[in-house]
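**Student:** Encoded as structure tokens, here's the structure I'll be asking about.
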Amino acid sequence: MSNSYIDSVYEQVLTRNPGEKEFHQAVHEVLESLEPVVERHPEYEEVALLERLVEPERQVIFRVPWVDDHGRVQINRAYRVQFNSALGPYKGGLRFHPSVNRGIIKFLGFEQIFKNALTGLGIGGGKGGSDFDPHGKSDNEVMRFCQSFMTELSRHIGESTDVPAGDIGVGGREIGYMFGQYKRLANAYEAGVLTGKGVGWGGSLARTEATGYGLVMFTERMLTTRQQSFDGQRVVVSGSGNVAIYAIQKAQELGATVVACSDSAGYVVDEDGLDLDLIREIKELRRGRISEYASAKPSARYVVGGSIWDVPCTVALPSATQNELNLLDAKTLVKNGVVAVAEGANMPTEPDATDFLKENGVLFGPGKAANAGGVATSALEMQQNARRDQWTFDHTAERLQQIMDSIHDRCAETADDYDHPGDYVFGANVAGFTQVADAMLAQGII
Ligand code: NDP
């Protein structure tokens with residue numbers, strides 16, 4: 001990076017947070033975009049704004065003891081990183097996955113600051129989770145873990161303080177168990193303390209669908225800038241969880257053929273177009289593996305090893321996890337004629353792969369813009385909770401559409417303003433940052 005202020009901030013991040021490589025990567029990507037902004041705004045350096053931005057306001061690490069079905073005591077480690085509250089209460093999901101560590105939660109929390117700013121809905125950035133693996137656990141084990149986890153987390157959250165939601169490994173079941181325990185501890189029905197709740201008890205219609213739907217809405221608007229649409233596109237979506245399933249549904253609704261999806265063990269290709277009902281039955285009802293799809297469907301094949309990005313497509317939607325699309329994958333995608341890549345997951349594309357796609361004229365939607373529909377609809381859930389109201393599915397989906405269009409346009413306009421036309425990575429970083437920075441300036445040295 002060529003700006004000395006930004007360089008020194010980044011050096012400090014490396015020194016102060018050793019070994020947190022995902023956090024370093026996320027900070028680097030944002031700081032890289034900010035050079036022209038700090039040049040335009042020397043006042044940021046005077047108040048050490050970037051130094052404050054990269055240091056979480058609060059980080060909590062705690063032990064989660066629970067008893068498994070065999071009566072054995074298990075111990076997990078859990079985190080909540082409350083990164084930045086300049087725009088509102090901390091907001092961001094909880095991830096339960098064995099790979100969770102402090103660096104991963106910090107990268108996710110840092111990204112969340114800018115994503116939440118882009119929604120325009122008055123929410124700060126935070127993230128949390130645990131190295132607990134829900135795969136293969138009984139419902140009762142998951143419940144006991146969630147109750148123990150919430151017993152400590154409850155001291156740090158609240159509807160005006162910090163409002164967690166789901167992420168990898170945390171869906172409706174886990175949110176239910178955590179909400180039940182919070183309610184018991186608080187002796188209050190504080191609906192707005194968690195989002196992603198069930199629709200019958202404070203949840204918002206369209207929240208389950210929101211991240212995947214929003215991803216496709218954002219991508220559709222990017223395609224429109226090239227006089228294209230989803231209609232007739234050949235799409236590959238990685239993952240087969242919450243984000244992937246509803247991205248597949250929306251893309252199909254808009255006329256695309258979605259030919260492949262995956263889980264951590266392998267991927268399936270179905271040239272007839274994926275049968276979404278079957279995927280939902282396997283993943284949502286049975287909590288099964290994607291390999292079961294190929295066993296049930298003669299037109300499909302299951303591939304272990306290799307990369308899902310080897311499957312030719314014109315639109316790629318990485319929606320599983322961080323760093324799942326590398327430079328080699330990007331080269332394959334370009335060779336196969338990809339037109340757009342948009343990130344359903346957080347930071348799924350490695351930095352050199354992102355550069356390669358952009359250099360080759362591929363429309364590239366970064367996660368902090370393209371997958372912001374989930375947190376945006378969580379903020380709509382908070383609005384409904386505050387008013388003890390419930391909106392219809394169509395009304396909520398319409399709001400989501402407006403928000404995704406507005407995020408797209410803000411990113412595009414900001415990129416134009418700084419002479420980076422069509423660069424959504426730059427536009428998202430700078431538009432999100434500017435809103436947070438202005439609020440931090442106004443609120444003094446805190
Ligand atoms: P889910 O737990 O519902 O699904 C995750 C999917 O990704 C599963 O198919 C899982 O496979 C796969 N996966 C997870 N880890 C890995 C890995 N290390 N390697 C390969 N595949 C993996 O999570 P979500 O759909 O909610 O989240 C997916 C991504 O979207 C994450 O990056 C998350 O941060 C991001 N996101 C989610 C939002 C939401 O509203 N849920 C909002 C914004 C972003 P397996 O079952 O085999 O582990």
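The values are calculated or read from the model by the stated rules, or taken from the named source; none is laboratory data. Note that this is a predicted model, so its numbers are computed, not measured. Note: ideal-geometry Cβ built from the backbone for every residue, glycine included; neighbour counts use all protein chains shown.
**Student:** Quick check: is even one residue across region 183-190 away from the ligand (no atom under 16 Å from the Cβ) and of a type in the set (F, W, Y)? Quick ask: steps written out before the conclusion?
**Tutor:** Within region 183-190, the subset away from the ligand (no atom under 16 Å from the Cβ) is 183-190.
From the residues that got through so far, the ones that are of a type in the set (F, W, Y) too are 189.
Yes, because at least one residue in region 183-190 is away from the ligand (no atom under 16 Å from the Cβ) and of a type in the set (F, W, Y).
**Student:** Taking region 94-115, which residues are crowded, with 24+ Cβ neighbours inside 10 Å and either free of Cβ contacts under 8 Å to residues at least 24 places away in the same chain or over 20 Å from H24 (Cα atoms) (or both)?
**Tutor:** The answer is L94, F96.
Residue-wise test of (1) surrounded by 15 or more Cβ atoms within 10 Å (Cβ to Cβ); (2) at pLDDT below 95; (3) of a type in the set (A, V, I, L, M).
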| position | (1), (2), (3) |
| --- | --- |
| A386 | no, no, yes |
| D389 | no, no, no |
| T392 | no, no, no |
| L400 | yes, no, yes |
| Y418 | yes, no, no |
| D423 | yes, no, no |
| F426 | yes, no, no |
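**Student:** Closer than 20 Å to M382 by Cβ, more than 13 Å from the ligand (Cβ to nearest atom) and at pLDDT 95 or above: is that true of G202 in this structure?
**Tutor:** Working: closer than 20 Å to M382 by Cβ: yes; more than 13 Å from the ligand (Cβ to nearest atom): yes; at pLDDT 95 or above: yes.
Yes: the conditions hold for G202.
**Student:** Hey, can you tell me all the residues within region 248-277 that are crowded, with 22+ Cβ neighbours inside 10 Å and within 9 Å of the ligand (Cβ to nearest atom)?
**Tutor:** Result: C261, S262.
**Student:** Another question, then. Taking the condition of being within 12 Å of the ligand (Cβ to nearest atom), in a helix (DSSP H, G or I) and of a type in the set (A, V, I, L, M), how many residues in region 326-369 meet it?
**Tutor:** Qualifying residue count, region 326-369: 1.
**Student:** Please go through region 389-405 and pick out each residue that is touching a residue at least 40 places away in the same chain (Cβ under 8 Å) and either within 16 Å of the ligand (Cβ to nearest atom) or not acidic (D, E) (or both). Spell out how you get there, then give the answer.
**Tutor:** Quick first cut of region 389-405, residues touching a residue at least 40 places away in the same chain (Cβ under 8 Å) only: 390-393, 396-397, 400-401, 403-405.
Correct list: Q390, W391, T392, F393, T396, A397, L400, Q401, I403, M404.
**Student:** Which ones in region 280-325 are within 13 Å of the ligand (Cβ to nearest atom), surrounded by 16 or more Cβ atoms within 10 Å (Cβ to Cβ) and under 30 Å from E20 (Cα atoms)?
**Tutor:** Matches in region 280-325: S307, I308, W309, L317, P318, S319, A320, T321, Q322, N323, E324, L325.
**Student:** Residue check: is Q384 touching a helix residue (DSSP H, G or I) at 6+ places or on another chain (Cβ under 6 Å), part of a helix (DSSP H, G or I) and more than 13 Å from the ligand (Cβ to nearest atom)?
**Tutor:** Considered against the rule, which asks whether it is touching a helix residue (DSSP H, G or I) at 6+ places or on another chain (Cβ under 6 Å), part of a helix (DSSP H, G or I) and more than 13 Å from the ligand (Cβ to nearest atom), Q384 comes out as no.
**Student:** So K137 fits all but one of (1) touching a Gly at 6+ places or on another chain (Cβ under 7 Å); (2) within 15 Å of the ligand (Cβ to nearest atom); (3) charged (D, E, K, R); what number is the exception?
**Tutor:** With (1) touching a Gly at 6+ places or on another chain (Cβ under 7 Å); (2) within 15 Å of the ligand (Cβ to nearest atom); (3) charged (D, E, K, R) applied to K137, the lone miss is (1).
**Student:** Now a separate question. When you scan region 167-192, how many residues do you find that are within 20 Å of V142 (Cα to Cα) and more than 14 Å from the chain's Cα centre (by Cα)?
**Tutor:** So in region 167-192, the residues within 20 Å of V142 (Cα to Cα) come out as 167-185.
So of that shortlist, the ones also more than 14 Å from the chain's Cα centre (by Cα) come out as 172-185.
Counting residues in region 167-192 that are within 20 Å of V142 (Cα to Cα) and more than 14 Å from the chain's Cα centre (by Cα) gives 14.
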